[in-house]
1. Determine, yes or no, whether Pro7 is farther than 17 Å from His123 by Cβ and touching a Ser or Thr at 6+ places or on another chain (Cβ under 6 Å).
2. Do the conditions hold for Arg18, that is, is it surrounded by fewer than 16 Cβ atoms within 10 Å (Cβ to Cβ) and not β-branched (Val, Ile, Thr)?
3. Given the criterion closer than 14 Å to Met93 by Cβ, among the polar types (S, T, N, Q) and surrounded by fewer than 19 Cβ atoms within 10 Å (Cβ to Cβ), identify the matching residue among Thr6, Thr36.
4. Just one of the numbered conditions (1) under 14 Å from Arg18 (Cα atoms); (2) without any contact (Cβ under 8 Å) to a residue 60 or more places away in the chain is not true of Asp102; which one?
5. Give me the residue from region 99-126 that is more than 17 Å from the chain's Cα centre (by Cα) and not aliphatic (A, V, I, L, M) and, out of that set, surrounded by the most Cβ atoms within 10 Å (Cβ to Cβ).
6. Scan region 55-82 residue by residue and report those that are surrounded by 13 or more Cβ atoms within 10 Å (Cβ to Cβ), of a type in the set (Gly, Ala, Ser) and part of a loop (DSSP other than H, G, I, E, B).
7. If you take the residues in region 39-52 that are in contact (Cβ under 8 Å) with a residue 12 or more places away in the chain and surrounded by fewer than 19 Cβ atoms within 10 Å (Cβ to Cβ), which one is farthest from the chain's Cα centre (by Cα)?
Amino acid sequence: MNEKQTPYELLGSEPGVRKLVDLFYDYMDQLQEAQTIRALHAKSLKGSREKLFLFLSGWLGGPALYVQKYGHPRLRQRHLPFSIGIEERDQWMHCMRLALRDMGLDTKTRETLEAAFEATADHMRNRAEHESDQRLKLFPGPHPSSSGSDKS
């Protein structure tokens, strides 16, 4: 990855980011293994494509188009209405990895972007699925209604 260029520039600026977004949503729309994450989106992906393009433009170091149009992204807050767990994160990342692969990027750039997307996708998780998911628990300790919590 050329450290003098932003990821936005390395992807090919606006046309490249649009291509990445289109590849990503094409995979999401077509792959059986992405059906859970696809079901969280509207029937038409047109609005999702545009919002992701606007967001990624700024996130990747290009113009902050999303902020100009909608204000601060509040990414996690905007995703809270949707139950997002490991399965959804992994399906989202599967589509993004395929899209990044199809962009023909050099290995270092692709791996750097995959790591950044992975961290962001994991941050969107809002459903605790294991005891090890302590960061997703709002109440530390056992559930208040579980046995053994009676105080006499």
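1. So Pro7 does not fit the description; no.
2. Taking the combined requirement at face value, the residue does not satisfy it.
3. Among Thr6, Thr36, only Thr36 is closer than 14 Å to Met93 by Cβ, among the polar types (S, T, N, Q) and surrounded by fewer than 19 Cβ atoms within 10 Å (Cβ to Cβ).
4. Every condition holds for Asp102 apart from (2).
5. Restricting to residues being more than 17 Å from the chain's Cα centre (by Cα) and not aliphatic (A, V, I, L, M), the top hit is Thr109.
6. Residues satisfying the conditions are Gly61, Gly62, Ala64.
7. Looking at the filtered set, the residue picked out is Leu45.
Rule-based calculations on the coordinates, nothing more; no lab input. Keep in mind the model is a prediction, meaning the values are calculated, not measured. Methodologically, a virtual Cβ is constructed for each residue, glycine included, from the backbone with ideal geometry; neighbour enumeration extends over all protein chains shown.
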